[in-house]
Amino acid sequence: MTLHSSFRLYTSADTFTLQPINADSTVASENIVIQRSTGNVQLNSPASAVPSDEEVLTIYGVIGFIRLLAGEYMIVITERSNLGQIGTKDIYRIKDYKVLPLSRNPLALTESQVGEEASYLSLLHSHLQSGRFNFSYDYELTHSLQRQAELKGNTQPIWERADERFFWNKRLQSKFIDHTTNNKDQDLSRFILPVVNGFAEIKTAKINKKPFTFAIISRRSRHRAGTRYFSRGVDADGNVSNFNETEQILVADADIDGAASALPGGKVFLAHVQTRGSIPIYWTQINNIKYTPKLQIFNNPETENSFRTHFETQKKLYGPQLVVNLVNNKGYEKPMADTFTKNISTLNDKDIKYLHFDFHHECSKMRWHRVTLILDHFQSELHAQGYFKAVFGKDGVEKVVLKQTSVVRTNCMDCLDRTNVVQSVVSRWVLNRQLRDIGILAADERFELFDDFEFEFRNVWADNADVISCAYSGTGALKTDFTRTGNRTKAGAIQDLQNSIVRYVKNNFLDGTRQDAYDLFLKYEVNPSGSYPLVDNRPLQIKALPVVLLVGAAMLVGSIILPENPLSTAVILFASFWLAIITYVFKFLVANGIQYVNWPKLVPLPYVKA
């Protein structure tokens, strides 16, 4: 079932009417009418009239509905960008949107509630503006190619067979989903658009004069979603923080592939999936203004069950696990390494192969080539793992040739920087095998010899790293100079320093609000009769000191880069004054750290009391 891809949205005082623009001839006039006063939804008959004298807006999908203090709001896509095609299916990214109130009357909100409503809307906008939201009308973006093949023959609508982990707007689509479920003659399935939060980039390339499409898709789980220090570890259902599934896809003409000659004129699809996710135990790092927050591993009696549940779920979804743990074996990370290793040993599962690879030790002194030791360690398992391969003839006939039988699950502390490096190295090894498999590369060739594609591969993987990192830490990834160039550089080290400073500021002073935005979109129910949770009761001087610190830092930087003579007495005195202010404030903040942190307010953090 192909979803409707564009609509005219007619707005009147009483209704919103959604009419597809490019529906096929059998449903050309079907439309949805939403009563603004009640929120009731009705799928009209083909003969239903559409308002002709009201405001009209062209939209490209409905993200969903959210209820705040003044009632429901409808979020619609007003602009999209086409990222490219996988096979013949277009993949899009949300470029712009509108949040439309169903009620034009703010329901007699009090003066204070008007401000509260504005705060909720600000959180909603910040979430929609900061994420990378991708979708397709006919490609099942929540599923890997292999899962799509396994679902072949499933006649459920796209939203119903979507992978609920990656259906980011599933809660917001509940109005249309519930209406469809509860009314057999009111099927809104062609209007229900699953949106994926993550990364998607599609490139066309050529090696040895043979064209192909190369794509990376990363899907972020909506379970335990959040920011770096406010979402760690595992929950009782086995969900872990910062869980991402990354799929590398290769599409070429089937005629290139000798093994696919039985289906000439079609396309050959190859894919490989990896996962990342927080260490599946109960742990946290409590922000306290210090650069490295205090690590706490909780002696929770449910740890063993949650740990087991996580890996049982992963095995059910992906098969045997090749677990790569990259945390340090000394310093503050060592307890995490020891606890992970202990729980793996207790689990004693033959389908879990575990490697503790101390990344910073093994790759110290710029020896980044040593990452390939992971490939050496899992050589036989990676060969046995394989990858997905299927051929589609020009008549639409599908032939599945190979399936991926296991998965590499990588983690470091944040599952960002070190993890990105390792995942790109694994994918490089797999992609060389795939390109040889279908005859684009000769048996003794590597794609690294082809500069144009090598450049594309490195940069797509580095872009993927940055997008996943921004969602969790607030900045691009560290160590991407290695991913982009193959070498660790001084410029990359300087960029990492800059990103680390920005992360420090965001994680301590801004991430509470970012976490609230995640929670509002994904799970928090606003209660109009309840107390307003977004209240900062800290004294003014406590809230002001971080601002003083940031202003001081700006003044110090300005005094260095703006004056024509930065070594003049006046400039030196000015810079010294602000340096003294920064030093004093910073020491005071560190000494009294936890009360200066910007904490989330909508959903209480487990084990943590601000």
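The values are calculated or read from the model by the stated rules, or taken from the named source; none is laboratory data. Since this is a predicted model, take the numbers as computed values, not measurements. Because the Cβ atoms are built from the backbone with ideal geometry, glycine has one as well, and the counts that use them run over all protein chains shown. For accessibility, only protein heavy atoms count, side chains too; no ligands or nucleic acids. Shrake-Rupley method; radii C 1.70, N 1.55, O 1.52, S 1.80 Å.
The sole residue among 527, 487, 537 that is modelled with pLDDT of 85 or more, over 22 Å from the mean Cα position of the chain (by Cα) and farther than 19 Å from residue 129 by Cα is 527.
The selection criterion, being surrounded by 17 or more Cβ atoms within 10 Å (Cβ to Cβ), at negative phi, free of Cβ contacts under 8 Å to residues at least 40 places away in the same chain and not β-branched (Val, Ile, Thr), does not hold for residue 512.
Here is a yes/no grid of residues against (1) touching a residue at least 60 places away in the same chain (Cβ under 8 Å); (2) farther than 19 Å from residue 275 by Cα; (3) of a type in the set (Val, Ile, Thr):
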position	(1), (2), (3)
152	yes, yes, no
163	no, no, no
169	yes, yes, no
182	no, yes, no
187	yes, yes, no
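Note on the range 564-581: residues that are surrounded by 15 or more Cβ atoms within 10 Å (Cβ to Cβ) and modelled with pLDDT under 80 total 0.
Listed by position, the strands (runs of 3 or more DSSP E) inside the range 3-43 whose residues that are of a type in the set (S, T, N, Q) and either modelled with pLDDT of 90 or more or surrounded by 15 or more Cβ atoms within 10 Å (Cβ to Cβ) (or both) number at least 3 are 15-20. If only residues of the range 382-402 that are at pLDDT 95 or above and surrounded by fewer than 15 Cβ atoms within 10 Å (Cβ to Cβ) are counted, the one that is farthest from residue 437 (Cα to Cα) is 384.
Screening residue 141 against (1) in contact with a strand residue (DSSP E or B) (Cβ under 8 Å, 6 or more places away or on another chain); (2) open to solvent by 30 Å² or more (accessible area, probe 1.4 Å); (3) at pLDDT 95 or above leaves a single unmet condition, (2).
The C-beta contact set for the range 540-556 (first residue free of Cβ contacts under 8 Å to residues at least 40 places away in the same chain and closer than 23 Å to residue 570 by Cβ, second residue open to solvent by less than 40 Å² (accessible area, probe 1.4 Å) and not small (Gly, Ala, Ser), distance under 8 angstrom, 6+ apart or interchain) comprises 548/585; 552/582; 552/585; 553/582; 556/582.
For residue 487, the conditions (1) loosely packed, with under 15 Cβ neighbours inside 10 Å; (2) assigned to a helix (DSSP H, G or I) are fulfilled apart from (2).
Tallying residues that are within 24 Å of residue 364 (Cα to Cα) and of a type outside the set (A, V, I, L, M, F, W, C) within the range 486-521 yields 13. Looking across 404, 434, one residue alone is in a loop (DSSP other than H, G, I, E, B), within 31 Å of the chain's Cα centre (by Cα), over 19 Å from residue 360 (Cα atoms) and not aromatic (Phe, Trp, Tyr). It is 404. Within the range 419-447, the residues that satisfy the criterion of being surrounded by fewer than 19 Cβ atoms within 10 Å (Cβ to Cβ) and small (Gly, Ala, Ser) are 439, 442, 443. In this structure, is residue 143 free of Cβ contacts under 8 Å to residues at least 60 places away in the same chain and in a helix (DSSP H, G or I)? No; evaluated as a whole, the condition is false for this residue. For the range 290-324, the set of residues classified as among the polar types (S, T, N, Q), part of a loop (DSSP other than H, G, I, E, B) and open to solvent by 40 Å² or more (accessible area, probe 1.4 Å) consists of 292, 299, listed by residue number.
Checked against (1) assigned to a helix (DSSP H, G or I); (2) at pLDDT 95 or above; (3) under 23 Å from residue 512 (Cα atoms), residue 168 passes all but a single condition, namely (1). Taking residue 130 as the residue in question, decide whether it is open to solvent by less than 30 Å² (accessible area, probe 1.4 Å), within 19 Å of the chain's Cα centre (by Cα) and in contact (Cβ under 8 Å) with a residue 24 or more places away in the chain. Against the criterion (open to solvent by less than 30 Å² (accessible area, probe 1.4 Å), within 19 Å of the chain's Cα centre (by Cα) and in contact (Cβ under 8 Å) with a residue 24 or more places away in the chain), residue 130 does not qualify.
Here the range 171-190 is the region considered, the condition is being assigned to a loop (DSSP other than H, G, I, E, B) and of a type in the set (A, V, I, L, M, F, W, C), and the residue that is farthest from residue 519 (Cα to Cα) is 188. Among the residues of the range 175-231, those identified as closer than 30 Å to residue 86 by Cα and of a type in the set (D, E, K, R) are 187, 190, 201, 203, 206, 209, 210, 219, 220, 222, 224. On the given criteria, is residue 344 in a helix (DSSP H, G or I), without any contact (Cβ under 8 Å) to a residue 40 or more places away in the chain and surrounded by 15 or more Cβ atoms within 10 Å (Cβ to Cβ)? Criteria met by residue 344. Go through the range 519-536 and give me each residue that's surrounded by 11 or more Cβ atoms within 10 Å (Cβ to Cβ), under 18 Å from residue 72 (Cα atoms) and in contact (Cβ under 8 Å) with a residue 40 or more places away in the chain. Result: 519, 520, 521, 522, 523, 524, 526, 528, 532. Residues in the range 191-232 that are part of a loop (DSSP other than H, G, I, E, B) and β-branched (Val, Ile, Thr) were compared, and the one that is nearest to residue 272 (Cα to Cα) is 195.
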